[in-house]
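This report concerns only the one structure given below.
The values are calculated or read from the model by the stated rules, or taken from the named source; none is laboratory data. Just so it is clear, the structure is predicted and the values come from calculations on it, not from any experiment. As a convention, Cβ positions derive from the backbone with ideal geometry for all residues, glycine included, and neighbour counts pool all protein chains shown.
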């Protein structure tokens, strides 16, 4: 009987279990999670603060998942050391786990540059785990002034989750625009106006130079008084287990399209890895749940002797703030279609005859048709691209395509 | 498994499938009460132009991108049917972002909604197919399924 070990209980680790079990119903699976709970949707934590979900509904694959999949799940335990020659993982506490196939789904941890005076801040938090959300829930009440450093996805979702709980929420970012990594100069201002209308105070192109207890001294010379600080600047892939064992890592653990690392019998998946992004061909960390899930499943399938490939990783996000839906995908460098209004926008980007990216705000209907064009690298001269730009539907794809997709099993 | 298939050449563009779908998913027993004077929210959609029409609903893909991408675990595949747990959905619409057919949409309260083959509805099998006057929508097994 084959022995599988999975490090991490996020979307990648859980999907790895599913991949293994799709081929091997018998093998012994041990999953090690550093968190006290696993198998929950990490991105749900802001929705939890907002009251849109509850602890009883956050399980990603159901509360009985490990039992159903016959997984021995160890919680609150870290994988400390990997010995690829002896095929053994040493856990915190000293126990050793032998494996025939190992998957590292260790995720990423928040990082922060060193702020002067940060140690004088009494209540400071990150916002990436359920434990963070539960701690913030305790720390914030109707008298609390919250300062969030970072106006990316994590920081702004945190702001949304806390608005109705706190007295005030201020978000600052060194970048001059909100969500600058995925929106552009046309779309960011729409989001910024919306957030401010909804009561979030933004300080963009501005960051904290020094903390002094409950006061942040800003680059602009302003001071911001706060009771609770959230640092949401970014995350860093957890690569050390593999790199300490001599495996190849860049910014993330290096994997190929089968999710194999450079170490024999060791796979990796999810936010701890770096892989080839489809639209640019560049290697990068694609730290989003859908990629983690598909990589994990691919890794698990291959660990159980399958021949799966995942080579369609792109950056994409669907997110809403106070009722404004925003979707972005791919790389947004060469615009071919632009429609901007006061409250919404649609921009499509194409290069070398294929769609490479889009940004939608407001009307996001059937956006997946655009995502599919990116993923499948559909030559745009084979469809009525002008029509699909105006409105995503299956009409511009022609009768033969529809006959195959709507008249057959896909 | 049995799926909803579309015979585009037979579609009349009558939109009856949309009304039957909205009724089947309304939980009401009376069609007039369910639909009259309301904006209907069908899970099937007739697309097309003046000449071509056809209906699109969930394909219940064998490798469903929506299930893989769902951040809350609300979407699942049970015996080939892709289902959505309304209470788990937080309305992030990642499913809308990834569905290649545009077959998932936001529902009236923000949670996503999609065709679940009417398996849990009173009609027990897809109302769109049952009510299609020209057999442009059928619910059946097709050979390629085993391929």
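Quick notes on this one:
Residue-by-condition table, conditions (1) touching a residue at least 40 places away in the same chain (Cβ under 8 Å); (2) closer than 19 Å to residue B:126 by Cβ:
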{"residue": "B:64", "(1), (2)": "no, yes"}
{"residue": "B:68", "(1), (2)": "no, no"}
{"residue": "B:73", "(1), (2)": "no, no"}
{"residue": "B:77", "(1), (2)": "no, yes"}
{"residue": "B:81", "(1), (2)": "yes, yes"}
{"residue": "B:85", "(1), (2)": "no, no"}
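- Tally, over segment A:162-178, of residues that are in a loop (DSSP other than H, G, I, E, B) and either in contact (Cβ under 8 Å) with a residue 60 or more places away in the chain or within 23 Å of residue A:47 (Cβ to Cβ) (or both): 5
- When A:388, A:364, A:410 are checked against the criterion of being buried (at least 20 other Cβ atoms within 10 Å of the Cβ), within 12 Å of chain B (Cβ to nearest Cβ) and in a loop (DSSP other than H, G, I, E, B), a single residue qualifies: A:364.
Quick grid of which residues meet (1) in the same structural domain as residue A:283 (by TED's automatic domain parsing); (2) over 22 Å from residue A:192 (Cα atoms); (3) surrounded by fewer than 19 Cβ atoms within 10 Å (Cβ to Cβ):
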{"residue": "A:317", "(1), (2), (3)": "no, no, no"}
{"residue": "A:327", "(1), (2), (3)": "no, no, no"}
{"residue": "A:338", "(1), (2), (3)": "no, no, yes"}
{"residue": "A:354", "(1), (2), (3)": "no, yes, yes"}
{"residue": "A:358", "(1), (2), (3)": "no, no, no"}
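- Checklist (1) closer than 20 Å to residue A:84 by Cα; (2) surrounded by fewer than 18 Cβ atoms within 10 Å (Cβ to Cβ); (3) in contact (Cβ under 8 Å) with a residue 60 or more places away in the chain applied to residue A:267, failing item: (2)
- Selection of segment A:279-337 for residues being within 13 Å of another protein chain (Cβ to nearest Cβ), in a helix (DSSP H, G or I) and farther than 20 Å from residue A:364 by Cα yields A:291, A:292, A:293, A:294, A:295, A:296, A:297, A:298, A:300, A:301.
- Within the option set B:108, B:100, being in contact (Cβ under 8 Å) with a residue 24 or more places away in the chain and within 19 Å of residue B:20 (Cα to Cα) holds for one residue only, B:108.
- For segment B:9-114, the strands (runs of 3 or more DSSP E) that sit wholly inside it and include 3 or more residues that are more than 7 Å from every other protein chain (Cβ to nearest Cβ) are B:75-78, B:81-84.
- Condition met for residue B:124 (more than 14 Å from chain A (Cβ to nearest Cβ) and at pLDDT 95 or above): no
- Selected residue (criterion: nearest to the other protein chains (Cβ to nearest Cβ)) from residues of segment A:60-79 that are on the phi > 0 side of the Ramachandran plot and under 23 Å from the mean Cα position of the chain (by Cα): A:62
Each row is one residue, and each column tells you yes or no for (1) surrounded by fewer than 16 Cβ atoms within 10 Å (Cβ to Cβ); (2) at pLDDT below 95; (3) touching a strand residue (DSSP E or B) at 6+ places or on another chain (Cβ under 6 Å).
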| residue | (1), (2), (3) |
| --- | --- |
| A:125 | no, no, yes |
| A:133 | no, no, no |
| A:144 | no, no, yes |
| A:164 | yes, no, no |
| A:175 | no, no, no |
| A:203 | no, no, yes |
| A:216 | no, no, yes |
| A:225 | yes, no, yes |
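- If the condition is being surrounded by 17 or more Cβ atoms within 10 Å (Cβ to Cβ) and part of a helix (DSSP H, G or I), then segment A:236-264 contributes A:241, A:242.
- Residue match in segment A:308-317 (condition: without any contact (Cβ under 8 Å) to a residue 12 or more places away in the chain and over 20 Å from residue B:61 (Cβ atoms)): no
- Restricting attention to segment A:371-384 and to residues that are without any contact (Cβ under 8 Å) to a residue 24 or more places away in the chain and part of a helix (DSSP H, G or I), the residue that is nearest to the other protein chains (Cβ to nearest Cβ) turns out to be A:372.
- Segment A:79-108: number of residues that are in a strand (DSSP E or B) and either touching a helix residue (DSSP H, G or I) at 6+ places or on another chain (Cβ under 9 Å) or closer than 17 Å to residue A:262 by Cβ (or both): 10
- A single member of A:350, A:403 is surrounded by fewer than 23 Cβ atoms within 10 Å (Cβ to Cβ) and at the interface with chain B (Cβ under 8 Å from one of its Cβ atoms), and it is A:403.
- Residue satisfying all of: in segment A:265-277; in contact with a strand residue (DSSP E or B) (Cβ under 8 Å, 6 or more places away or on another chain) and outside any strand (DSSP E or B); modelled with the lowest pLDDT among these: A:277
- Qualifying positions in segment B:76-92 - under 10 Å from residue B:113 (Cα atoms) and buried (at least 16 other Cβ atoms within 10 Å of the Cβ): B:83, B:84, B:89, B:91
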